[in-house]
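Structure first, commentary second.
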Amino acid sequence: MPVHKRIRPFNTKDTYPEQKLDNDLCQAVVARGTMVFLRGQIAQDLDTRESLHVGDPGKQAEKAMSNIKMLLEEAGGEMQHICRIVVYLTDIRYREAVYREMGKWLKGVFPVSTGLVVPALARPEWVVEIEATAVIPDEA
């Protein structure tokens, strides 16, 4: 069950049936608590700074989401605290693979989401970057 008020939740399989997606999203989130702003995450090992999964947008999304989960936990939060994500792709053809992977990590969360196609990211081997904003609820 979502921890924040999610307004007009929907699933992308209804909105984009031709894309075979399964993302739980919503139109707005109302949250109170401690905000956590995460830097855009890419397929990079945060300890070694090694770029991973060159040429595979789905695996790059998986590593970015793994980094998001790890950083949120380090901040005292969890995935269901995510209120907003922004996805940057270098090619629209990567959208399905990236969103399918994100959908696995965000099932039942219903964040608001914006997706953009950009000419490039900070390194040429990176094809997807995912930014997240979370709110850790105030103690009751």
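The values are calculated or read from the model by the stated rules, or taken from the named source; none is laboratory data. Nothing here was measured: the structure is a model prediction, and the numbers come from that model. For neighbour counting, all protein chains shown are included, and Cβ atoms are generated from backbone atoms with ideal geometry for every residue, glycine included. Ligands, DNA and RNA are excluded from the accessible area calculation, which covers all protein heavy atoms including side chains. Shrake-Rupley method; radii C 1.70, N 1.55, O 1.52, S 1.80 Å.
Is it true that G40 is of a type outside the set (S, T, N, Q) and open to solvent by less than 60 Å² (accessible area, probe 1.4 Å)?
Against the criterion (of a type outside the set (S, T, N, Q) and open to solvent by less than 60 Å² (accessible area, probe 1.4 Å)), G40 qualifies.
Taken together, M35, M70 contain a single residue that is open to solvent by 10 Å² or more (accessible area, probe 1.4 Å), part of a strand (DSSP E or B) and modelled with pLDDT of 95 or more, which is M35. Please tell me if R93 is free of Cβ contacts under 8 Å to residues at least 24 places away in the same chain and either of a type in the set (S, T, N, Q) or in a helix (DSSP H, G or I) (or both). The answer is yes for R93. Consider M102 carefully, then state whether it is modelled with pLDDT of 95 or more and under 26 Å from R123 (Cβ atoms). Yes, satisfied. The number of residues in the stretch 1-39 that are within 15 Å of V135 (Cβ to Cβ), in contact (Cβ under 8 Å) with a residue 60 or more places away in the chain and not hydroxyl-bearing (S, T, Y) comes to 14.
Within the stretch 107-140, the set of residues being open to solvent by 60 Å² or more (accessible area, probe 1.4 Å) and not in a strand (DSSP E or B) comprises K107, P119, A120, A122, R123, P124, D138, E139, A140.
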